[in-house]
Amino acid sequence: MSKSSSMATADLVEVITSNDPLARNTSLDAVCQNLSREELLTMCGQLDQFRRHSDNLYHRVRALFFLYAIHRFHLPRELAGRECGVIPFTAYEGLLNRRFQEAIRDLLVEQELSGPSITLSSGLAAAYHSLAFQTLADQVRKSVRTVKGNQWMFRTGHPADLPLRIRPELLQVDDHGCFPLLRERTSVRMDFSHSGWSDIFFLGMDFPEGARVINASVDLAVRGKHAQPEPPIEAVLRVIDEPVLRLVSIDLDASADIRSLGEVYDFARDYLGLLKAAVIASGLIPPGMEGCDEGIESVLNKLVGPGKGLEIVSRVNDIPKGSRLAVSTNLLGSLISVCMRASHQVSRLTGTLSEEDRRIVAARAILGEWLGGSGGGWQDSGGVWPGIKLISGSPAEPGDPEHGISRGRLLPRHHVFSKEEISHETRTQLQESLILVHGGMAQNVGPILEMVTEKYLLRSGQEWEARQEAMAILDEIASALQAGDLREVGKLTGRNFAEPLQRIIPWCSNRYTESLVEQCQAKYGDQFWGFWMLGGMAGGGMGFIFDPAVKGEASDWLADTMLATKRDLEHSLPFAMDPVVYDFEINDSGTRAELVSDGAMPRGYYELIVPELLRRDMQGLSSTQQSELQRVSGLCRGTTAAADPGLAHRLLDRILPEAHTEAENSTSLAQLLEENGFDLIAHNQLREDILSGRLGLPQNRLPANARIEDVYAEDILDARQAIPASLGQAAEKAIAAGEVAVLTLAAGVGSRWTQGAGVVKALHPFCKMGGKHRTFLETHLAKSRQVGQRWGQYPTHIVSTGYMTDGPIRGYLDRLDYAGRKVVSRGKSVGLRMIPTARDLRFAWEEMQQQLLDEQQEKMRQSARAALLHWAEAAGEAADYVDNLPMQCMHPVGHWYEVPNLLRNGVLSDLLSEQPSLRYLMLHNIDTLGASIDPGVLALHMTSGACLSFEVITRRLEDRGGGLARVDGRPRLVEGLAMPDEREEFKLSYYNSMTTWIDIDRLLEVFGLSRGILDQADVVDEAIRSLGRRMPTYVTLKDVKKRWGNGQEDVFPVSQFEKLWGDMTALSEVDCQFIVVPTVRGQQLKEQAQLDGWLRDQSAAQIESLCAWS
Amino acid sequence: MQVTKAIITAAGQDQTALPLQTVVDRAGNVRTALALLLDEVSSAGIDDVALVVSPGQAERYRQAASVHGDRIAFFEQHDPRGYGDALLRAREFAGDQSFLHLVSDHLYVTRNCKSCATQLIEVAQREQCSVSAIQPTRENKLAFFGAIGGAPLARQPGIYEVHTVLEKPTPTVAEQQLIVAGQRAGHYLCLFGMHVLTPGIFDLLEQAVAGLEDGQTANLSQSLHELAQSQRYLASQLDGERYNIGEKYGLLLAQLAIALSGDDRDNVLTELVELVAKQ
């Protein structure tokens, strides 16, 4: 029966198609909040029909987002009691292979056959969401290709067709036979406000009137390191007398001589992807030539002349990744500009660019970003333009390629503020009051941009209002700048960050940033004028505006404060480097080029190139290279005008590297391994097993003849039903009597959470609850606190730690106030990571189901994988992985060990002595936020008398990695790794939440132990070893980050092994039962991208209701 | 508008020898390229011809002009400042009349009974304005020609109102500024090397040359662009082809085109087929 008869089901199509902004901007939530299940399903049917037949891109996309949101947020509310469903494997395959239309068809057919369910809705939500983004991305790409000035590059498929020629000025050799350098210097962009991320292409193309940004081109100097601000980006192009394309990235310490066309399109092969993207996007080697069999010599022959080649060099002056200053886009712009100048494609060889030229350079930079599989906003080429400008979306008009497809153009308009509009004094004042910093965090802003797009298209009420406010703030900032009121600018940027931006995306802030703002306010009061978020999120590049009277002192103070705060939080948040403070100046000319004869290459070039030249036979060097060596000699000896006295020393450092670093690293690694219970004999056995093929990813699987079926109704207990009051009372009594303790598993670092950054997930302040950012551990303790307040007995809270998490967790736990007992159980086992075998890498990439990526990203991935295979073979398969920080080379050995560790390290023995009443442990993962001492569930465990009661939840699409199954007729948990065929998993209705209720005495029996003998270390050790031998060992691949340079990170897949707790259910002597609990109780937060949905579907509110923060 | 004079520029540093090359004409006679050009001019009823040459080259050109030699006025380009400057040197010759202008490194092959020059002059006389001959050209050849942007004239197929003229544009620039309705993708209307120009062009050339800095040269395209901004200026697609004999194999292709449109067509075709068959 309908909850609301007033709402016609056709309303949402009207919302999408209406020309009236008021109707078009109606929030989906407002329409859906009172609708019944039947009405929602009817509406989905209509929207699905509409999106199939509408020829308007944005209508289709908006309908897709509506469908996603209804299935993700509204239908589950109305599907209580219909949780279970089966996702057809064909639909899952469709999703992985980006065949979203087919996936939707299969899911809808299943929904028609078996009725709606939360499981099916989770699949449909994912499919509609992916299809919406795919549609948008395809359109942006199409627009990039159809921008006038870009189209010809896709038609030019053979070197014979290449229409470009290098300008003759670049072919004039000097007396030494050297060609001149064309040097481009470019600023980065600093945005004052982006009106709620309105520079996202999708947003600007649908809502051009709301897409506005104010940004400035700035030159930078690292405070205390550089003398004065300069354009931080430098790109150099010159002709060389060898038929090769030489690419050199000084800051990434990489160079390559490219001799085949294929290499140019192989972006992830080395660190030169950005330079390659620039060469392609600038048209020197156009995108249409990909796949052409010709050598690069035939292109260079046409472009430069017979026997000649090109060298392109980039350098970024000490700006680390994550600066939020759009360094990579502006570097791309700089490189593209220098290439286009050199090939007559822009009007001026030297000096600044005209407005038309800047626009085509920006269009090419967008193309370059697409080619490289990345994506910035449309304001990001801001450093190519001069001064401070207002960048606005532009409505598509007849004649534009976008006309009739989207409301706005791909490229925005730039209005550069004149000195009359924003005075010279104001610009100076800005420089005197704003402290620009890199806070040290390097985070992926991609998920935030996806969330913004989604919320914009759904017009979620709160976010839409916040967007209007952000747009109004941009106008106020512009007025304040024109009035020269910097204090007001600071107030506005601060308000922008604290209010609308965080209302749209709470995740743009973090505890680090907020702590810095609080400290600024506390220290400087009224003289701190405001905080300034740069780019997509805070934590990396940021601004702090102070009264100019204190700016100098505040800069030093802020540098110290950031460092101290970073030290305090570095185990909780992913920092890539120590914070830095910049001096900056507004650049009033935009990107600029000069033609230099007899000039030296940028600083750092010779250190990179000369060692390689010296290794070669002098006779084999080209005359340019011989001249280069003579130039270096002159620079070192001071016999040329531009002497570089430090060059000789730096060259020596390169040629004769310091040798002790690796030894030091090995020593400390060996020490750490010893301290943490590393078993060398077992490790060598493992290596042997891996090399011989006895262990490996394929061997993780159960035998192919194992019979896997879904469990029967009698195999489970259902905690979602009300339980008899008498049982509940018994459980409450047990809680009050101190019979229950909590064991939070926190030995692992949660590598998926920060993509292997090595921070402690338990300590990550992931979400604001109770007005503050809360960590996982704090949240778990808050639940225990509420239990204590309710039943008068604060349960003992045990946190198991590992080598990486022990110190930080102990320190953190000490500071947390908790009336009950807090105990840390330190892990006593550790493994050493290994280089993976090529066999396992291929198995993971080719045999296991993979999410196919977007076209360009997939090319990048394939290219990166080829490089990683080469790395694994060159580094030695199954060799010890030691080329990283010692902590990153070690690994925890799986959560099975965490319970035995309680026995081995004496924690349980001590606890039982101090608290003999203790009978039950509730074990849970650090990311299972809903796990709590619930009397209902405890009652089911107590009355069953089982040794272990595992909590399971109904499976949704994202719950991958095994589940509850009948294996050869016996119910047990099966890890995803062990599934003989991935299809089997899709038969299963329940997913393992890992939360386990343990009867301590019965578990001790399984180990062959009892309370009385827990202090006998030898007996305990033997008992653990004996049971451990019966637990399967899994080989897994984990991504590990290796940090280097200026905030750069590489990710390597490494092999490690683990034993998993869920396999206890496979032991026949262990009496296990399985309890189905509500999803919110058992769902795990594995990736930060889940957070927004978790907040919006009220899961966060439900968790918060279980917590007592003080 | 009467067009009774023609100016041919042949003073380019690297083009001095091009008009002196010999080719076999349609009738099978061995002629110089210059003589063929002069035939083209003559076919349009023009007897008064000026030839702008490098200093000291006049006599060689007179001889190469064969029967046309006596009616050529030579202008030597001392201190050359580019193509535009070369044309300007013949200003006195043109006086206040419109004139036909050809470049000396092209040969023209008509596809109908009227020569290319005749077709062009007819358009100019009908429309009473400057007209440049044009030819749709693929973008990979843009580096060799000037190109125009404009709009087709209603009900006059092949004739365009010129808005923009750019010298040797890259396709990046051409796509933004030179798109003309009705052209194939990747094709632009490039100059044919043949123009009928009103005397106003000389004022523009003079300004261009006066504004040059040391080392710079003046091209014609820039002045044609300015002409389009100051008076009616059309472009006409002719029923014929131009061959740039300054390009690699340019002379060979021009020779083949002439031969295949002439009396020896069958012989040449037979020889070509045999040649191909033997390879």
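Throughout, read-outs are computed from the coordinates displayed, never taken from laboratory work. All values reported here derive from a predicted model rather than from experimental measurement. Note that each Cβ is placed from the backbone with ideal geometry, even for glycine, and that neighbours are counted across all protein chains shown.
If R0 is 30 Å, what FRET efficiency do you get for A:A713 and A:R983 from their C-beta distance, rounded to 0.05?
Approximately 0.85, to the nearest 0.05.
Using the crude model of +1 on Lys and Arg Cβ and -1 on Asp and Glu Cβ, and no other charge, please compute the dipole size for chain B relative to its Cα centre, in debye to 20.
580
Averaged across B:167-180, how many Cβ atoms of other chains sit within 10 Å of each residue's Cβ atom?
6
Hey, got a sec? Which GluC sites (Glu not before Pro) in region B:205-256 land in a DSSP loop and have at most 12 other Cβ atoms within 10 Å?
Passing sites in region B:205-256 are B:E213.
Specify the inter-centroid distance of region A:599-640 and region A:202-247, based on alpha-carbon positions, in whole Å.
Spelled out, the Cα-based centre of one part sits 27 Å from the other.
From the cross-link list A:K225/A:K1042; A:K321/A:K523; A:K987/A:K1041; A:K455/A:K822; A:K491/A:K768, which pairs have alpha carbons spaced over 32 Å apart?
The answer is A:K987/A:K1041; A:K455/A:K822.
In deg cm²/dmol, rounded to 500, what helix-only [θ] at 222 nm does chain A give when every DSSP H run of at least 4 residues adds -39500 (n - 2.57) and the total is split over its residues?
It lands at -12500 deg cm²/dmol.
At most 14 other C-beta atoms within 10 Å and a DSSP loop state: those are the exposed trypsin sites (Lys or Arg not before Pro) I care about. Give me the longest piece of chain B that has none.
Of all site-free stretches, the longest is B:1-110.
Against the longest alpha carbon principal axis of chain A, how many degrees, from 0 to 90 and to the nearest 10, is the axis of helix A:725-736 turned?
70
May I ask you to list the trypsin sites (Lys or Arg not before Pro) in region A:154-242 that are in a DSSP loop and have at most 15 other Cβ atoms within 10 Å of their Cβ?
A:K225
How many nm separate the modelled label positions at B:N29 and A:D644, each set 7 Å beyond the Cα in the direction of the Cβ?
Calculated label separation equals 6.9 nm.
Working out 0.36 nm times the residue gap between A:A737 and A:A227, then minus their Cα-Cα distance, what length gain in nm do you get to one decimal?
Result for the pair: 176.8 nm of gain on full extension.
Picking from B:A254, B:A228, B:A181, which is most flexible by a Gaussian network model of chain B using Cα springs under 10 Å?
B:A181
Roughly how many nanometres apart are two label points built 7 Å out from the Cα toward the Cβ at B:L256 and A:L853?
4.7
Between region B:124-186 and region A:481-529, what is the C-alpha centre distance in whole Å?
56
Would you compute, for the Cα atoms of region A:606-655, the largest minus smallest coordinate along each principal axis and list the three values in descending order, in whole Å?
Dimensions of region A:606-655 along the principal axes of its Cα atoms: 28, 23, 12 Å.
Taking the Cα atoms only, what angle lies between the long axis of helix A:855-875 and the longest principal axis of chain A, rounded to 10 degrees?
The angle comes out at about 80 degrees.
With an 8 Å Cα cut-off and a minimum separation of 6 or more residues, compute the relative contact order for chain A in percent.
Value for chain A: 12 percent.
Relative to the longest principal Cα axis of chain A, at what angle does helix A:511-524 sit, 0 to 90 degrees, rounded to 10?
Once rounded, the angle reads 70 degrees.
If one computes the Cα centroid of region B:16-38 and of region A:862-888, what distance in Å separates the two points?
69
Taking the beta-carbon count within 10 Å as an exposure proxy, list A:M887, A:M618 from fewest neighbours to most.
Least to most surrounded, the residues fall as A:M618, A:M887.
If I model a spin label at A:S913 and B:A73 as a point 7 Å from the Cα along the Cα→Cβ vector, what separation in nanometres do I get?
12.2
Count, for each residue of A:149-159, the Cβ atoms from other chains sitting within 10 Å of its Cβ, then give me the mean as a whole number.
The shielding value for this peptide is 4.
Of the options B:Q216, B:N112, B:G193, report the single residue whose Cα projects farthest towards the positive end of the charge dipole of chain B (beta-carbon charges: Lys, Arg +1; Asp, Glu -1).
B:N112
Hey, got the dipole for chain A? About the Cα centre, +1 on K and R Cβ, -1 on D and E Cβ, debye to the nearest 20?
With only Lys, Arg, Asp and Glu charged at Cβ, the dipole is about 800 debye.
Which of the GluC sites (Glu not before Pro) across region B:91-152 are loop residues per DSSP, with 12 or fewer other Cβ within 10 Å?
Passing sites in region B:91-152 do not exist.
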